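The values are calculated or read from the model by the stated rules, or taken from the named source; none is laboratory data. What you see is a predicted model; the values in this text were computed from it and never measured. Cβ atoms come from the backbone with ideal geometry, glycine included; neighbour counts cover every protein chain shown. These accessible areas exclude ligands, DNA and RNA; they are computed on the full protein's heavy atoms, side chains included. Shrake-Rupley method; radii C 1.70, N 1.55, O 1.52, S 1.80 Å.
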Amino acid sequence: MTHVNRWMRHLSILTHLFFLMRNLLSTALVATIAIFFACTPKTGSKITAIPTHPLEPAAWDSMGKPVIGDDLDDTAPLEYTLQEPAGISLDSLPPYNSSHTFEVDLIHTKIEISFDWAKKRANGKATLTMRPWFYATDKVTLDAKNFDILSVTFDGKTEQLKYNYNKEALTIQLGKVYTRTEEFKIAITYTAKPDERDSYGGSDAITSDKGLYFINADGSDKNKPQQIWTQGETESNSFWMPTVDKPNERCTQEMYITVDDKFKTLSNGLLISSKKNSDGSRTDYWKMDKPHAPYLFMMAIGDFAIVHDKWRGIDVDYYVEPKFEPYARDIYPYTTEMLEFFSNKLNYPYPWPKFSQVVVRDYVSGAMENTTAVIFGEFMQHTKRELMDVGRINEKVVAHEMFHQWFGDLVTTESWANLTLNEGFANYSEYLWLEQKHGRDVADDHLMTEQQGYLVSASGGGHPLIHYGYNSREDMFDSHSYNKGGCILHMLRQLVGDEAFFTSLNRYLKKNEYSDVEADELRQAFEDVTGQDWKWFFNQWFFASGHPSIDISYDWDETAKKASVHIMQMQTGEGAPQIFNLPLAVDIYDNNGKAERQEIRMTKRSQSFVFDAASKPALINADAAKALLCEKVDHHTQEEWAFQFRHAPLFFDRWEALQGLQENKAELTTQVSKEALKDKSAIIRLKALGGFEPDDIRIQAEVEDMAVNDPDHQVRAMCIGTLAIVGDKKYIPIFEKGISDELPYSVVSASLEGLLKTDPAAAARVAKTLEKDESDAFTEVLSSLYADSPSLENLPFFEKKLATIDGFPSFPFLANYQKFLLGLNDDALLSQGVEQMKAIALNLNTSQWRRFATTKAIADIRNAMQANGRTEMAASFEKIITAIKENETDALLKSYYDGF
Ligand SMILES: [Zn+2]
């Protein structure tokens, strides 16, 4: 699954990130609201990033003896502090979420299903082929959540079997004892009622795991297509089919999906036939003849345009809403190229019979790797021009879900405790793809974001990466399983070398294909291939908590001609190793910029490493590979940082050098920052720009030039935005040049802001033209412009947008709308506007984004009325807010409303 919650380092692109929903919608909403209101991404001030550069294959022995150092014969075992779960007395076992214990093995699933849109129910018949797993049994227990069970028989028989059903588990008496060599087939007829959870005690807070979703079921929302789709992970497909809903189960599958003939369907495997029925409906028959886990089963039904590609003879299909058909290949960029790349890199061809991708409405996650049929949220679906501002998000998510087809679908985590065996790999595939397609700098920038995402989250507490003690399996979908898992694979790759890394992955896939895995199986694959013991690595990174926190300082002994590096491990976190076994590459630079590499291994809490050097090194780069996942304080001087920026080879080197310099506003900082404006990496150029005040005349010429000529439009938009803040009329030609249909929305928006400062009349004319654009990309800048000088002629713009605005853009838009309404100074119009917002806030069929943003706007208006002494009006708006709160069923939104 992809959760999308990548930290945005640049607020200029924040508005384009509303679609980054990493996790369930409610979580995305929390995160977005946090960003919207609090708004500064946290990065530890001393976390000068972390990692990379391929180390040579390890030359150390497996006991962790340092090759260079002052204590070569230290072979004391590493110390670990085991986590003591809070609240557990010493004579009790700690919480342990085991893998599923099998009673029977599900071999084949056949589902015949149709839908009742009005009641949001599915009518199904499941025919399940099973046999006892090992021990003989006379009963079988299936996951089947909130069904009405209509009939349970052996397949082809009419005699009803005895069963117990408690709305979650269906236990069927088989009437005799079956042994593990005896297959049997059970047919179950049922009605699935995913929207009627109260009947078994479900809470409103967990409606997002209902498995089967009807979108705009009654067709009342004219702005939204009607769709049905499923979301199985973690154990939710048992809301629409009886199954053994566990990740360590696998079976083959047939789906007979009956729908109105106007809809398209998508499911796993191949579409074998499509048959029209006498009642005007149509039955599509999908067949998946390779086994996979039940949580990877899927259906998507709706009015889709399908664009076809082929790769090595298999169908590659892109499902989009019809108006996005021209952009289907842009929405799922590089799909066939990635299939080729990953197949070759793993030396294991894509293992399934087709590859389809579909975007659905109101999706509850970012994306999901259902075998052969990936589902994505709407954040993917844009026009080609909009996608110019989206950056590489689409290709990263496509890569992530595609890599899951191997890591997750072909080999599947045995239990949710081992989730990183799915998500760590999918996460790391984003790095692999970026490195391949766009180069090391781009990939390293991505890695740095992943590292920081983990480190920020870990500052609030952590757990072992392989985590049997979780409270809820949903908690496993965090920045440990994803970010940390990916970062650890990257470290492992640096340690073993590329060839060993990918050979080991191939071995792991081949040995475990079509089966479940746990972390030890990964370790064994690496040990088989490299001939080395990797327990020390897996113990500290996979099975312990935390990460190293290191402090690095340097010395030079002129008399002895010795340079030294002192490293201290400072980590104190609960469950974290007090001493990590840390192999590091140290680059020692002479004054000419020539580096000599030394490999060291740290095995003590505090350790010094001494090197011969003819003269004082210009720089010692103690973590030269930049692969280590850690917090780091590096005591370089300003001169050493400048040297590192100019001579060290990696993106990380330049980033952390610039960071180190920017902490001091010295002349050297300005010099290096000016050089950084010409860096080959757009991210470094942006970081350099961020170190200057907008009106800093020392870089005025550079900014003017970059505003027009920088090859990266994000840099260009930032430079134009900088000139807009300065607001000098001499920049009008630059702003005018930035307003073009050919340019990304971000550049045009920044240019409009500049024009507004320097030539308001021209800006107003341009605004009227931009209003015609169908995209919401200009909504924020236009609504802000109109809210600043409220005029009745712009009311229709707000009313029109209010009808359709959704997702993250709802927030700035509604903030501007309430400001605009207040600015009109017309009580009747204000009340009318509030009534419109109230209607949206009360409509539980509309999205949480719209409900939240409208309620917040009404609350802001009430506050303004109160502040102006308009108590009667304030009281009437207060009543509306109370009514909205009472009507709201979402616990999270209710809790936010309590704060209004
Ligand atoms: Zn994933």
Dipole moment magnitude, nearest 20 debye, region 741-900 about Cα centre, only Lys, Arg, Asp, Glu C-beta charged:
340
Keeping all protein chains in place, calculate the accessible area per residue for region 789-852 (probe 1.4 angstrom), answer in Å².
39
If you take every DSSP beta bridge fully contained in the chain, what fraction is antiparallel? Give it as a percent rounded to 5.
80
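Taking every eigenvalue of the Cα gyration tensor of region 194-347, multiplying by 5 and rooting it, what semi-axes result, largest first, whole Å? Let's see the in-between values first.
Working: eigenvalues 144, 99, 61 Å².
Those come to 27, 22, 17 Å.
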Hits among lysines - C-alpha to C-alpha of Lys562 under 17 Å, sequence gap 8 or more where chains match:
Lys616
Of Glu639, Glu386, Glu159, which has the most accessible area with a 1.4 Å probe, and how do the rest follow in descending order?
Glu159, Glu639, Glu386
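Find the percent of Cα-Cα distances in region 451-522 that exceed 18 Å, and round it to a whole number.
On the way: 1289 of 2556 pairs.
Counting every Cα pair in region 451-522, those more than 18 Å apart make up 50 percent.
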Please list 149-158, 456-465 highest first by mean number of surrounding beta-carbon atoms within 10 Å per residue.
456-465, 149-158
If you take the square roots of the eigenvalues of the alpha-carbon gyration tensor of region 407-487 and sort them as a ≥ b ≥ c, do you get rounded (a/c under 1.5), prolate (a/b over b/c) or oblate?
oblate
Out of Ile697, His635, Ala622, whose Cα points farthest toward the positive end of the dipole of region 605-745 (charges: +1 Lys, Arg; -1 Asp, Glu; placed on Cβ)?
Ala622
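Where does each of 399-406, 566-573 land if you order them by average Cβ count within 10 Å, highest first?
399-406, 566-573
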Using only helices, what value at 222 nm comes out for the chain when you add -39,500 (n - 2.57) per DSSP H run of length 4 or more and divide by the total residues, to the nearest 500 deg cm²/dmol?
-11000 deg cm²/dmol
Directionally averaged shadow of region 706-814, computed from the convex hull of its alpha-carbon atoms, nm²
6.7
What is the ratio of the Cα radius of gyration of region 695-755 to 2.2 N^0.38 Å, where N is its residue count, to two decimals?
0.97
Kyte-Doolittle at least 1.0, axis length at least 18 Å by Cα - qualifying DSSP helices, the chain
713-726
What Kirkwood Rh does region 298-369 have if only Cα atoms enter the pairwise 1/r average? Answer in Å.
13.3
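Based on Cβ point charges of +1 for Lys and Arg and -1 for Asp and Glu, what charge dipole magnitude is obtained for region 765-839 about its Cα centre, in debye rounded to the nearest 20?
Values: 7 positive and 12 negative charges, 17 e Å.
Result for region 765-839 is approximately 80 debye, rounded to the nearest 20.
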Compute the whole-percent fraction of alpha carbon pairs in region 324-425 spaced more than 15 Å apart.
63
Under 18 Å between alpha carbons: how many lysine pairs meet that in region 688-790, if sequence neighbours fewer than 8 apart on the same chain are excluded?
6
Region 226-284, accessible surface, carbon-and-sulfur percent (1.4 angstrom probe)
48
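Over region 293-407, how many pairs of lysines fall under 20 Å by alpha carbon, counting only those 8 or more apart in sequence or from different chains?
Details: Lys310/Lys345; Lys310/Lys354; Lys323/Lys384; Lys345/Lys354; Lys345/Lys396; Lys384/Lys396.
Lysine pairs meeting both conditions in region 293-407 amount to 6.
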Hits among aspartates and glutamates - C-alpha to C-alpha of Lys680 under 20 Å, sequence gap 8 or more where chains match:
Asp389, Glu435, Asp441, Asp444, Asp445, Asp653, Glu656, Glu702, Glu704, Asp705, Asp710, Asp712
The chain, relative contact order [Cα under 8 Å, separation at least 6], %
12
Taking the C-alpha atoms of the chain, how large are the radius of gyration and the largest Cα-Cα span, Dmax, in Å?
29.6, 97
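Just list whichever of Lys210/Lys287; Lys264/Lys290; Lys157/Lys210; Lys125/Lys287 have alpha carbons separated by over 26 Å in the model shown. Intermediate results must be reported in sequence, preceding the final value.
On the way: Lys210/Lys287 24 Å; Lys264/Lys290 23 Å; Lys157/Lys210 31 Å; Lys125/Lys287 16 Å.
With Cα atoms farther than 26 Å apart: Lys157/Lys210.
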Charges at C-beta only: +1 for Lys and Arg, -1 for Asp and Glu. How large is the resulting dipole of the chain about its Cα centre, in Debye rounded to 20?
1680
Take region 116-206, compute every pairwise Cα distance, and split them into 5 Å bins from 0; I just need the percent in each bin.
3, 13, 23, 21, 16, 11, 8, 4, 1
Rounded to two decimals, what is the ratio between the C-alpha radius of gyration of region 541-683 and 2.2 N^0.38 Å?
1.10
Please report the equivalent ellipsoid semi-axes of region 230-275, computed as sqrt(5 x eigenvalue) of the Cα gyration tensor, largest first, in whole Å.
24, 13, 9
